[in-house]
Structure formats: structure tokens, C-alpha cells
1. Give me the one-decimal nm value for the distance between modelled label points at His70 and Leu108, 7 Å along each residue's Cα-to-Cβ direction.
2. Note the full-extension length gain between Phe138 and Lys118 as 0.36 nm times their separation in residues minus their Cα-Cα distance, in nm to one decimal.
3. What whole-number distance in Å separates the alpha-carbon centres of segment 124-141 and segment 58-77?
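Please treat every number below as a calculation from the coordinates, not as lab data. Here the structure is a predicted model, which is why all the values come from computation and not from measurement. Here the Cβ positions follow ideal geometry from the backbone for every residue, glycine too, while neighbour counts run over all protein chains shown.
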Amino acid sequence: MCGLCGFLYKDADRVGPVGRVLFGMLGPMARRGTDSTGVALYGPAVDGEYVVRARVDTDHGTAEGVLEMHPKGYGFLRNPAKFYAAQPLDAYVPAPLVQKFDLREGNLISGPVAAPFKGSGPRVLDVELIEGVTPDKFVHRDFDALTAIDHMVTYCRVVDIAARRRQSLRAE
């Protein structure tokens, strides 16, 4: 959805408080969703005037959850407290972010989010933590290269060794 707003001073003598007018317009636009917000000033520069620098607050908190991947490359952060069930307000993780940090399904992710847009969940803007550490310190594990251990076989082997030791002690 595109929304434009602006003001135009036709008479240079009637220029009012530009900053107050700009912030009055940008405030409601910041709550609209994930649109771009910008300021453009046209006209000649006036000596002694200040440059307008505007910043719209986009901090909507941080999301944390376990990444569930979609076959198309994006994912959602699922909440362990809700038994990883899909919720309408689960944070969306875009595909470029998944590729940038080489994220995999099951990773515990934490990062800042943008405001929810039209009934969907918030959108993750960046990844601050992967499995509790910063992305530059996170080490990906190659689970295919690891050796699987069957705990039942290990337990039976320990019991077997202990039983043999016990028998040998009785024989003495």
C-alpha cells in the first residue's frame, strides 16, 4: 500500500515551522507498517538555515524463537512455550536473512523486529543471536558428519561389562 503526504509552501515569506509540520506527518506514517519513510526538501538553500534530519522510531522490540523453515527459503520463529505450534503473530524471517546468516531449521534465533503489517506477525530485521551467541561467533555443526550413539546399546554394554567383572570376582 502506498501513501503519500506532503506540504507545499508557495510563498517563501509564509514558510512556517517545517520541522513541526514534518514530524506531524511522519508520526502517523510510522505506525502504518513496513513502508519506507523519507523526507525531500526542494528549493534553494537559505543562508543561516538548518538542515532537517528526521528519524522515525522503528523499534518494535525483539523476537526470539526456534526457526521453522518453509521450502521456499523463508521461515517463522516458533515459541517453545506454545509447543512450537504456528501462531498468527509468529515473527517472519525473510529468505535473504536466512541466506545471509546460513540459518537452519531448529536454530534458536533472536533479533529486532519491525511492526506487524496487516494482521501478519512482525518481520525480523536482523539477527542478533543464534543459539545464544552472536552470529560471528556461532559455529555451525555438520550433523551428517557426527556419529550416532544408541544409548540403549551403550547401557547394555556397560551392564554386560559390570556383570562379567562381578562374575570374575565371585570366582576368586
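1. Reported label-point gap for His70 and Leu108 is 2.6 nm.
2. Between Phe138 and Lys118, full extension yields 3.8 nm more.
3. Centre-to-centre distance over Cα atoms comes out at 13 Å.
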